[in-house]
Amino acid sequence: MIVYATIAVRATASLARALAASGGCGVLLPGDRRPTELSETLAGWAHLHARLAILGPDGAPSLASVAQRSGTIIFVSAQLRSRLPPALGPSHGARRVLVVPGRLASRHAAFAVAGCSAYILGGRGDGESATARSRRALGGRV
């Protein structure tokens, strides 16, 4: 389990840094009530990076604050769960993306990052798709 948690944290760090640099993003970690916003200037990156470095393998963020957000929500999990959090369910206008270590045999991954695969769960995007934005942000490396 710790190996998968490490892979998920690396994927989170890679996505957060790349998406912030390409227009900004928010990162919600276990124990947080609101996402930590990162701007294109990467202000706050050092603090977020330090928090990611000490993140334990257990815990889940409170997704109540992001359930009604518009735009793309990327949920990175260290393991596949039997049920997805309600915040990742159907929404009005928001795209939900699940990122997990490895690959799911039954689905085609939209992109891969740091040993994890990303799966589009549905919803409409905020213009540019999460896949296209992630690929652009990471220089086509996802």
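Each reported figure results from applying straightforward, stated rules to the coordinates on display, with no laboratory input. These numbers come from a predicted model, not from an experiment. Counting neighbours? That spans all protein chains shown, and the Cβs are built from the backbone with ideal geometry, glycine included.
What the table shows:
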{"item": "Extension gain, LEU63 back to LEU29 (0.36 nm per residue minus Cα-Cα distance, nm)", "result": "11.3 nm"}
{"item": "Burial order of peptide ranges 109-118, 73-82 (average beta-carbon count within 10 Å, highest first)", "result": "109-118, 73-82"}
{"item": "Charge tally in the Cβ shell below 15 Å around GLY102, where Lys, Arg are +1 and Asp, Glu are -1, GLY102 excluded", "result": "+4"}
{"item": "Difference of contour (0.36 nm per residue) and Cα-Cα distance, ALA46 to SER106", "result": "17.9 nm"}
